[in-house]
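One structure is given below, encoded as structure tokens.
The values are calculated or read from the model by the stated rules, or taken from the named source; none is laboratory data. Since the model is a prediction, treat every value here as computed from it, not as a measurement. Cβ sites come from the backbone with ideal geometry, for glycine too, and all protein chains shown count toward neighbours.
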Amino acid sequence: MNAKRTLLFLAPLLLTAVILLTAGTPLGGKNGSAPVALPANGLAGEASLDTAALAVRIGITLGAIVVLIVGGIFVARWVAGRAGFAGTSRIEVLDRCFLAPKRALYSVRLGGRVVVVGVTETMITPVTELSPDEGEELYPAGADRRRADLSFPAVLRNVTTRLSRAGV
């Protein structure tokens, strides 16, 4: 979830929290009475109690806001995961080989098919599709793809051999 969506999601929660937590007595007042003025000589008295109470209230409000923000982030991630935005894709990039700046070949699993595509800055072009047997042999489902025999150069050699046999 990008920052703009997160902000749009959390802004109403934050505003509601501030309104609910600051509703009640007016700042500096007690139970609806007029605010208490500080004594002229600056001595601690009832005004300092109101100041301490105000500081505690501000601390609690800020703490609640932080909790709401963190909770909102966790809820947003949870909702994104439940909605299918996180890790449920049926497309899997199996391997890649960079040929030149902004040019590469990718092996991609699309459902049960394995396709080799060429990617440039402006286009994506399918190069070839591996047969189901070749795809499973080169890229077994759930296997560790870091082994040497499953490397992209090996797949590329296999594809070029197939294309040369086919006369392409």
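A few points about this structure:
- Top-ranked residue in region 138-164 [being surrounded by fewer than 13 Cβ atoms within 10 Å (Cβ to Cβ) and basic (Lys, Arg); ranked as modelled with the highest pLDDT]: 157
- When region 91-127 is filtered for residues that are among the charged types (D, E, K, R) and either within 18 Å of residue 161 (Cβ to Cβ) or in a strand (DSSP E or B) (or both), the ones remaining, listed by number, are 92, 95, 96, 103, 109, 113.
- Those residues of region 103-130 which are basic (Lys, Arg) and more than 16 Å from residue 90 (Cα to Cα), in sequence order: 103
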